[in-house]
Structure formats: C-alpha cells, structure tokens
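First the structure, in the form of structure tokens, and then the observations on it.
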Amino acid sequence: VSLDGRVILDPGREPVWQGAVGLEAGHVSVGGAVPGSIEGLRTALHVDGVGPRIQIAPLATTFTNAVLAGLVVHGGSIRWRVGDRELLVEQAELAWCGGQARVYAVRVDLARPDIDLVLYIDRMDAGELIRLIKPLDGTATGHLYGRLPLRIRQGRLQLSEGFLYALPGERGNLRLRNTRFLQDYFERAGLSSAMRK
C-alpha cells in the first residue's frame, strides 16, 4: 500500500489537499460463485480538496492476467466508483481472445450483484473464440468485431442476441467437425432446408 499527498496553501484561499493511495498485490485468489485468480493487480485512488468540496476520481485498477470461472483474460484496466448501494464500472478494457473487449457504464447493485453488460469486441481471434464455445468442435481463422450482450445471474453467464462479423475484404475460415446441434437449432428457427445447407 502506498500513500502520497500534499497540501497547497494559497494566501486568502482555503487549503487544498491532494492525495493518492495505491494498492498493489502480486497474486489474488477469488472464491465464491466465480472462482479464479488475478495476477499483477494494482488499484489507485486520487483525492482532491477538503470538506464538502472534496473530489474523488474514479478508482483505476489494472491487472496483468486473470482466470475467472475458467475464462482467461490477458490483462486489462478498469475505471470504477463505489456509491452508497452500487458499484459503477465506468469503463473497462480487457485483452481477450487475442483482441480487445471493452465495457462501458455497468452498474452493480451491491445487495444483489446481477449484472447486465455489453462487450464491444475489436479484432478478436476467431480460433480462440471457437475453443471457448463448448458445443462447437472445430477450427477457425480470422478476426471478429461486434457486440455481445451478456447477463450474469447468480454467478451464471447468459448470452443474449449480439453479433460478430469479419471486416469486408478480410479473409477467414471456419471448419466444424460436428454440425448436428447447429442443424437442429436452424431447424427450430424455421429456416428452409436450402438455407440451412
């Protein structure tokens, strides 16, 4: 833990206190509904002013590697605030699946930590994504962009309708060894046989 601060004294004005608090942890283990570990965790808090004019900047947290519920994230940064009854993630940038995932304005009720968020995806490696989707057995090449709306309820992740696309002109490949579950899904969705093929 580190603490740095200074007081500015200007004639005829109230003193101003500026401070910064830092917290650094090499390795953190996480238990509960979303088990895992976080490496290289650092958090910084900046405070300006005194009394009723105090201004607290969003907390800035960075990490070098995290594994949560089996999901690997290779570093990231998070700007967040703690309110009376909620936590607000103003912005998060995560190195995920060979690309970047960004999140904006996520509110978490501290009494009931159910979360709704949208992941904005930039240059995600299609092969790494395919390995994460359990029913899919195959390989992929190329990069994907798009948005994935997610809901977390009682520690369980739910994906709602989103989209991922390749940039026009960028080539890629998708090879699946077993497409039965996709065929069943398309059939239930009412797609014609020709369209399913």
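Couple of notes before you dig in:
- Candidate set from the range 160-186 (those that are in contact with a Lys or Arg (Cβ under 7 Å, 6 or more places away or on another chain) and closer than 15 Å to residue 124 by Cα); member that is surrounded by the fewest Cβ atoms within 10 Å (Cβ to Cβ): 163
- Candidate set from the range 1-16 (those that are modelled with pLDDT of 80 or more, open to solvent by 60 Å² or more (accessible area, probe 1.4 Å) and closer than 18 Å to residue 56 by Cβ); member that is farthest from the chain's Cα centre (by Cα): 7
- All positions within the range 11-21 that are of a type outside the set (Asp, Glu) and either part of a strand (DSSP E or B) or out of contact with any strand residue (DSSP E or B) (no Cβ under 7 Å at 6 or more places or on another chain) (or both): 11, 12, 13, 16, 17, 18, 19, 20, 21
- Flag if residue 24 is acidic (Asp, Glu), surrounded by 14 or more Cβ atoms within 10 Å (Cβ to Cβ) and either assigned to a strand (DSSP E or B) or more than 23 Å from the chain's Cα centre (by Cα) (or both): no
- Of all residue pairs spaced 6 or more apart or on separate chains, those with beta-carbon atoms under 8 Å, a first member in the range 56-81 that is touching a residue at least 60 places away in the same chain (Cβ under 8 Å) and a second member that is open to solvent by 60 Å² or more (accessible area, probe 1.4 Å) are 69/35; 69/157; 71/132.
- Enumeration of residues in the range 78-104 that are open to solvent by 50 Å² or more (accessible area, probe 1.4 Å), in a strand (DSSP E or B) and of a type outside the set (D, E, K, R): 80, 82, 91, 100, 104
- Taking the range 105-153 as the range and being at positive phi, open to solvent by 30 Å² or more (accessible area, probe 1.4 Å) and in contact with a Gly (Cβ under 8 Å, 6 or more places away or on another chain) as the test, only 123 passes.
The values are calculated or read from the model by the stated rules, or taken from the named source; none is laboratory data. As the structure is a prediction and not an experimental result, all values here were calculated from the model. Glycine also receives a Cβ, built like all others from the backbone with ideal geometry; neighbour counts cover every protein chain displayed. Accessible surface is based on the protein model in full, side chains and every heavy atom, while ligands, DNA and RNA are left aside. Shrake-Rupley method; radii C 1.70, N 1.55, O 1.52, S 1.80 Å.
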